[in-house]
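Have a look at this one before I ask anything.
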Amino acid sequence: MSAARARTPAEIHRRRRTRAHTCWNHLIVAPLWPKHGVNLGTLLRTCDAAGACLAVPRRSWVPEALERGNTLRQRTCVHWIEGRTDRWLDRQRQGGSAIVGVELTDESIRLADLPVARKRTVIVLGNEGTGIPPEGLERLDVAVEIPMVGTGHSLNVAVAGSLVLYKLAGLC
């Protein structure tokens, strides 16, 4: 067995996309009830890494949070949600999207059992304090739980969303 060799930055760069993806809308991460701006910046970076888009409600503080969190300093794929999030989710479903929520429910499936997305999929995220509210839960096709063995009750929104995004994208 040979020793592992770290790739150089140039080798890593050659294997990646040569430019930012265009919005092909296969995977959309939707933190619809954001609480902390830092989580939005982290999710934006993860969306770029996985070739996904971010959908966020238009709130006064969100553009600044995304700007601060966009360490890539390039155009990113952000969809702005105007109006009620429940109506936005209804439009996504009517357009043929699967709606996957990250939440503990009686019917939740484990992250390990979540299949790769085969059609346009919206990943719905609540917030650390209250999770996904009832009007969001009733619109989910499937809820996903992320098993934990520690003492915490949940992961933060950015970490949970990133794990589910990578699983749905088939990158892990």
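Within region 72-172, which strands (runs of 3 or more DSSP E) (wholly inside it) include 1 or more residues that are among the β-branched types (Val, Ile, Thr), more than 14 Å from the chain's Cα centre (by Cα) and at pLDDT 95 or above?
142-145
Of all residues in region 39-64, which are assigned to a helix (DSSP H, G or I), under 23 Å from Ala169 (Cα atoms) and not charged (D, E, K, R)? Write out each step before concluding.
First pass over region 39-64, keeping only residues assigned to a helix (DSSP H, G or I): 39-50, 62-64.
Adding the requirement that they be under 23 Å from Ala169 (Cα atoms) leaves 39-50.
Selection gives Asn39, Leu40, Gly41, Thr42, Leu43, Leu44, Thr46, Cys47, Ala49, Ala50.
I need every pair where a residue in region 116-139 that is under 17 Å from Lys35 (Cβ atoms) has its Cβ under 7 Å from the Cβ of a residue that is part of a loop (DSSP other than H, G, I, E, B) and among the polar types (S, T, N, Q), sequence separation at least 6 or different chains.
Close Cβ pairs (under 7 Å, with a partner that is part of a loop (DSSP other than H, G, I, E, B) and among the polar types (S, T, N, Q)) amount to Glu128/Ser154; Glu128/Asn156.
Further question: For region 133-172, name all the residues that are surrounded by fewer than 22 Cβ atoms within 10 Å (Cβ to Cβ) and among the aliphatic types (A, V, I, L, M).
Within region 133-172, Leu137, Val142, Ala143, Ile146, Met148, Val149, Leu155, Val159, Leu163, Ala169, Leu171 meet the criteria.
A quick yes/no check of all residues on (1) touching a residue at least 40 places away in the same chain (Cβ under 8 Å); (2) within 23 Å of Glu135 (Cα to Cα):
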residue	(1), (2)
Arg45	no, no
Ala65	no, no
Cys77	yes, no
Trp88	yes, yes
Arg93	yes, yes
Val100	yes, yes
Asp113	no, no
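The values are calculated or read from the model by the stated rules, or taken from the named source; none is laboratory data. Because the structure is a prediction, the values reported are computed rather than measured. As a convention, Cβ positions derive from the backbone with ideal geometry for all residues, glycine included, and neighbour counts pool all protein chains shown.
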